[in-house]
Structures are given as C-alpha cells and as structure tokens.
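Just below is one structure, and these are the notes that go with it.
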4 protein chains.
Amino acid sequence: MPVLEPRLYYRGAVAVQVAVIGSGAEHTERAEAVGRLLAERGCTVVTGGLGEVMAAAARGAKAAGGTTIGILPGERREDANEWIDHAVVTGIGHARNLAVVASGDAVIAVGGSWGTLAEIGFALRLGRPVVILEPGHAVEGVSRASSPEDAVELALRLLP
Amino acid sequence: MPVLEPRLYYRGAVAVQVAVIGSGAEHTERAEAVGRLLAERGCTVVTGGLGEVMAAAARGAKAAGGTTIGILPGERREDANEWIDHAVVTGIGHARNLAVVASGDAVIAVGGSWGTLAEIGFALRLGRPVVILEPGHAVEGVSRASSPEDAVELALRLLP
Amino acid sequence: MPVLEPRLYYRGAVAVQVAVIGSGAEHTERAEAVGRLLAERGCTVVTGGLGEVMAAAARGAKAAGGTTIGILPGERREDANEWIDHAVVTGIGHARNLAVVASGDAVIAVGGSWGTLAEIGFALRLGRPVVILEPGHAVEGVSRASSPEDAVELALRLLP
Amino acid sequence: MPVLEPRLYYRGAVAVQVAVIGSGAEHTERAEAVGRLLAERGCTVVTGGLGEVMAAAARGAKAAGGTTIGILPGERREDANEWIDHAVVTGIGHARNLAVVASGDAVIAVGGSWGTLAEIGFALRLGRPVVILEPGHAVEGVSRASSPEDAVELALRLLP
C-alpha cells in the first residue's frame, strides 16, 4: 500500500492530509467518492468545512472510517457540516482558503468556482501537488484526472 | 463525568475542543498537566502547534491518549511539534492566533507574553470562556485558576 | 517640531502613520482630538475604518487637513466611515486588527474593549510603541497618557 | 472624463482605487504604463507593495502625480517599495492577496504567476471587475486587453 506518510517517524500515527476543494451540488457524488477513497488509503481529509463538495468529501471519508478536518471561514464551530471531526474556526473569511490548501500535503479539486480557483493558485504558489478532477478549472500545467480513483491515485503519487 | 459536548448529537464522537495558549519555558510543566487533564476528560487540545507551552500541552494530551490540533502560523506542516496529530497550516503569521482561540470551545492560558494577550483579547471578543492559570496576564473579569486541575475544571464548567 | 519620519529619504513625502485603536461612544471626543493633533503633526491616521473611536479619529484628522487610512474587516469598501481617504478592504474579520496596529509606526489606544486588547497585544508583539489614553486597558509596562495632547506627544516621542 | 467615483458624495475627494496585480520582471514596463494611466485618470493605485510589477505600477502612478497604497505580506513597513505612499502592513503572508484585490474597485492583472491566479480567483469571487492585460493567465469569462491603455479604459468602464 503506497500511502506516503510525511511524518512516518512519529509513531507511524500521523496521517497524510489531503485537501479536497471545490463547490457545486452536481459534483457531490464524485467528491464523496474522493473522500471515501482517501480515507481508505489512510489519509485525513481536509476541507473548508461547509456544504456541497466540502460536506460530500467529509461524508465519504467518515463512511470509510476516516478522519476529517474542516477549516471554517466564520467564527462559529456550529457552521461545520456534520461530518467534520476537527473544526478549525478561523474567522478570516475567504482568506481561510489559503489555510485549506496549505494544510493539504496534496490537493484535489472537484468542480468549483472562483474560490476554488483562488485555492488552486495558492496551492501551486506553496508548491502543493494539485490534481483537478474533470470537469473543472483549466489551469496550465496542472495534473488532471478523469475519475475519483485516478484523482486519488495521482494525488498520492505526487506527494513530496 | 461532566464533560459537555457541544455537538453531542453527532454520533457522540465529536470532542470538545479546548485551546491551550501561552509561552515561556518555565510554564511547560504546568502546560503539560493541562494537556493531560484535558485529554483525560475527552477533550481535543488545540494549540498554536509550535514550542514551549504549545508543545508541552500537546505532549501531555498525547501521553494521556488524547487528540491534538496544531494551528501553525507558517506555511509548512513540518513546523509542527511532534505531538500534533492534525496540523493546520495557515500561512497567516500572528493572525493565526485568532484561529487558535476561535477553535476552542474554551481557552486556557498558561504563562504567555504579548501574543497570548492578543489571544485572550480575541477569545473574549468572540465570547469564548477563558481561564488564566496563575501566574499570568491580569485581565479584568477573566477567571483565574491556581492549578492545572482547577484550570481544566473551571474551563469545562464554563463551556457554553 | 520633533515629528520623526521613518522614510524621510523618500522625497520627504511619506508620512508617519499612527494607528488609533479603541471603541466606545463615550470616547469619541477624545479620539477626535487625537486624530486632529496627529494630522497637525503631519501624521497619517490609521484606523479600523468603522464607527465610534475609529470614525472620530478619522474625522478629527480630516478636520485638520490630514490623511486617513481605514483597514476594514469586511469585504465592502462602502463599510468605511465617511472620513476615510484610503480604504483597505481585508475580508479577514477581526484578524484585520493585526494589520491595523502593524500599519502604525506607533499606536494610540482610546477606550476600547476586547478587540482593542487584542490589538494592544499584537502591537507589543510586533514592537510597535503603544500609548494608552486614560482611562483604558491596564497593561503592564505600557505608557499611559492623561490627555490627547500627551498621548500624541508621547507616541511621537516613542517612534523608532 | 469618464472616471467613475464610487463615493462621489464624499466631498468629491475620495478616489477610485484600482488594484494592479501580477509579477515578472518582463512585465514592468507595461505595469508602469498602467500605473501612470490610472493616476492620470485620478485613480489611486493599490498593489502588494513589493517588487517587479507592484513596484512598476506604483512608480508609474507616482510619476504622474498619483497616489499609491501598498498592502504588504510581512510585518515591516520598510518592505514597501519606494513608490508607496500608504503602507498597509498586514502580517498575513499570501492571505494579503485577498486584501489587495478586495481593496480595488477594479483589478488589472499584468503578467503574474500562481499568486496572481489566486488574486484573480478572489477578485471574481468578490465580484470585482477584472481585466487581464495580455499576455497573462487564461481565465474563462474574464476581460482581456492588449495594451495598458485598453486595460485601464476597460477597467474603468467596468467599475460598478
């Protein structure tokens, strides 16, 4: 099982974190699959903690017994969707998008609009590997995957 | 066991999060006790993820089999101390202090300098219960405790 | 005239920036005096851009022909009070408090509640000189002034 | 003169703010032209306050007698380039990109890499009009201009 752990030296217990970003109700099924597959590979799923793609990815991860982190834009923990284990309440609005992708050892984009584009920009700026699950933003030089399975495989392969 | 869980409705699995803030090498022993006691009560320990008080609180929590979240100021997960389970990489410098206290259902201050004062201010601004473990900043109207045991008891009692 | 200009080398045109922080309707008169006095000394007044103390300080500065910067927590320039010349729209909520004090070469606190305490903490953390106009938060080791005149004199004398 | 002023009601003195974003030494000449043209139209030029495109846009604005705001990622005012009139020191790293575009009534992108892509994403998320000066990022649905003159004309025409 080729799960790479960036901090293997720590009791073998610290998980790879993968950020799942995006939006759009039409993408929830695929986001849920991404979350589930990541959890099956032992990865913690990091999202923005709210609805649609964020909720679906977390729901998928929990269904597979995984762990989820939600990095919220507002000031209330209660804003987190119900599949968030660990809620980080930032209070910094859209600027929390930086924290979402920075907290991923890799990033998978599922659907998404302008906030997602900002996240992809930040992820690339910080050198995080990014995979765009098709359809999605067209960003030159960024890896693309045609299925949740391929997106997860590719993201894990790109881990530093 | 009077642990209050703000999201008991969620499978009984989502933990109360308590932020432990502060700094100062001379406070690490008491910070470690605070972390341990919180973990024994089922609370997740949230810190700024770096050294001294932050590391000691996380170390104490892990020694008691607890869970830890580190909310880092920089852009690298590797900056987290070795007792952090879930690393949130914010990239926003001292502004991450807001996220640390906002992510706590309650906040315990152990020692600390000006950054800690900023955190106490933010915690009060957001309505988070704050307990200052003596000695520590003098802030009017804020609860004080004379031992780690009292600090944890008081913080849990003040939970919303 | 002992106005120190941190960037005098630049055409003599770049002004000292002084952040005026605080809140409370009962402090507006003194905040307005602080803003006026700062403008008379050639300083640009930096505030959080909203009401009460923030608006009063900017109003005072404009009455004396000065220049004002408002660093807003929200996402809309329209939130700025009408005495703001240059609106900085941060979108990061209370975390913009860090930017307010960091943008001051010195900081004067007029009244204020918990948000102001967070700002004082951040200002001290960043090494900015801070003057608290009485009455106000009691913070050990921070200079205090009993009148707007004294506060401005002291702040300018403490400039790096 | 078709300069639209979002706050004309305020003594006619509050200027339109246009954010100029981007990077790349090969784009400085065109960035300088953009800054100059904006200043000639009465607009304040907002940038990230550092080098290359940011410095060139500010330099152009100052050469035309304009006003400049630099929104810095670090904690020191001294980091601002020498053409910045008003330095906003955020301390929040790349998250300051959000503040740069949010502070523009319109946004013009000149060259740029991943940080610029994040800014474009945020600008669109916040509903700010964006013009990309060619060559530059390809973002579906975003206006493009082939010269600094066209970019400035188009940005001003798109003002809300």
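Things worth noting here:
- Single unsatisfied condition, B:Ala151 versus (1) facing another protein chain (nearest Cβ under 9 Å); (2) touching a residue at least 60 places away in the same chain (Cβ under 8 Å): (1)
- If you filter region A:52-98 down to residues that are more than 17 Å from A:Glu119 (Cα to Cα), β-branched (Val, Ile, Thr) and surrounded by 24 or more Cβ atoms within 10 Å (Cβ to Cβ), you find that the one that is nearest to the chain's Cα centre (by Cα) is A:Thr68.
- Number of residues in region C:112-160 that are farther than 21 Å from C:Cys43 by Cα and of a type in the set (Gly, Ala, Ser): the value is 8.
- Checking the stated criteria, C:Gly49 turns out to be in a loop (DSSP other than H, G, I, E, B) and crowded, with 23+ Cβ neighbours inside 10 Å.
- Inter-residue pairs, beta-carbon under 8 Å, first more than 14 Å from chain B (Cβ to nearest Cβ) and in region A:26-48, second part of a helix (DSSP H, G or I) and among the acidic types (Asp, Glu), 6+ apart: A:Ala33/A:Glu149; A:Leu37/A:Glu149
- Positions within region D:19-46 being surrounded by fewer than 23 Cβ atoms within 10 Å (Cβ to Cβ), of a type outside the set (Ser, Thr, Tyr) and outside any helix (DSSP H, G or I), in sequence order: D:Gly24, D:Arg41, D:Gly42
- Here region A:134-160 is the region considered, the condition is being over 23 Å from D:Leu126 (Cα atoms) and β-branched (Val, Ile, Thr), and the residue that is surrounded by the most Cβ atoms within 10 Å (Cβ to Cβ) is A:Val152.
- Members of region B:109-133 that are surrounded by fewer than 16 Cβ atoms within 10 Å (Cβ to Cβ) and on the phi < 0 side of the Ramachandran plot: B:Ser113
- Among the conditions (1) part of a helix (DSSP H, G or I); (2) in contact with a His (Cβ under 6 Å, 6 or more places away or on another chain); (3) of a type in the set (Val, Ile, Thr), the only one that B:Ile69 does not satisfy is (1).
We did not get these values from a lab; they are worked out from the coordinates using the rules stated. Bear in mind that the values here come from a model prediction, so they are computed numbers and not experimental data. Cβ coordinates were reconstructed from backbone atoms using ideal geometry, including for glycine residues, and neighbour counts include every protein chain displayed.
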